[in-house]
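The values are calculated or read from the model by the stated rules, or taken from the named source; none is laboratory data. Here the structure is a predicted model, which means the values were calculated and not measured. All Cβ positions, glycine included, derive from the backbone under ideal geometry; neighbour counts span all protein chains shown. Side chains are part of the model used for accessible areas, which takes the heavy atoms of the whole protein and leaves out ligands, DNA and RNA. Shrake-Rupley method; radii C 1.70, N 1.55, O 1.52, S 1.80 Å.
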Amino acid sequence: NQATTEKIKTGNFDIVVLQDQSQTPALFPDRFQKAALGLDKIIDASGAQTVFYQTWGRRDGTKNFPTYEAMQRALSQSYATTAKACQATLAPVGDTWSSLRKKNPKLGQELYAKDGSHPSGKGAYLAACVFYQTFFKGDPKTLTFTANLPAPEAQLIRELSSTTIKK
């Protein structure tokens, strides 16, 4: 998209975050990677850093990925492979989401909005904690902001967010 690439070239950004449609990296990893490599070259030439926003599987899977776990494995692999190919940073929101679903299945289900795809407020908080560590190298465990979540839930999200970043 010419408007997007022009914004990247002239926007004087420090960081450009890339995220694809929720299923595309899992269904079409080669197409996803090819597009990402092209954008990454433009981002690098602009002087900015590329960060990939690794997404999460749909709560109940999809037609092509009948379970959440299958979809998450495909997404995690595609985002990790592409970030590595671009020598870019990965914000492992999807991996953190997966860890939380395993550690606390009830809260894991509550990360989703009613549609089973988009994040609820709890899911958005999880993503924010991962991005806090990704962008600022801060430890989410030290944050006091809870986004009005119950304190134990916010604490668990911050703890898991601090362990999924690959240092």
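Side notes on the structure shown:
- Whole-Hz couplings from phi, Karplus 6.51/-1.76/1.60, listed for the range 26-34; x for Gly and Pro: 7, 7, 10, x, 5, 5, 4, 5, 4
- Charge tally for Thr67 (other residues, Cβ to Cβ under 15 Å; Lys, Arg +1; Asp, Glu -1): +4.
- Accessible-area composition of the range 101-167, carbon plus sulfur, in percent [1.4 Å probe]: 60
- Global geometry of the range 84-167, whether rounded, prolate or oblate, following the gyration tensor of its Cα atoms and the 1.5 cut on a/c: oblate
- Per residue value of the accessible surface for the chain (all protein chains in place, 1.4 Å probe), Å²: 55
- For the range 75-114: rounded, prolate or oblate by the Cα gyration tensor [a/c cutoff 1.5]: prolate
- Under 5 Å, built H, 5+ apart or other chain: amide partners of Tyr112: Ser120
- Shape category assigned to the range 1-52 from the gyration tensor of Cα positions, a/c cut at 1.5: prolate
- Maximal additional length on extending the Glu110-Arg73 stretch stands at 11.3 nm, based on 0.36 nm per residue less the C-alpha distance.
- Secondary structure note: in the chain, about 10% of the DSSP beta bridges are antiparallel.
- The long axis of helix 121-136 is offset from the longest Cα principal axis of the chain by roughly 50 degrees.
- Built amide H within the under 5 Å cut-off of Phe52, gap 5+: Leu18, Thr89, Leu90, Ala91
- Rounded to the nearest Hz, the phi-derived 3J(HN,Hα) couplings of the range 83-91 under the Karplus curve 6.51 cos²θ - 1.76 cosθ + 1.60 (θ = phi - 60°) are 4, 5, 4, 8, 6, 10, 8, 10, 9, where x marks glycine and proline.
- Sequence-separation-based contact order of the range 105-150, relative, with Cα cut under 8 Å and 6+ spacing, percent: 24
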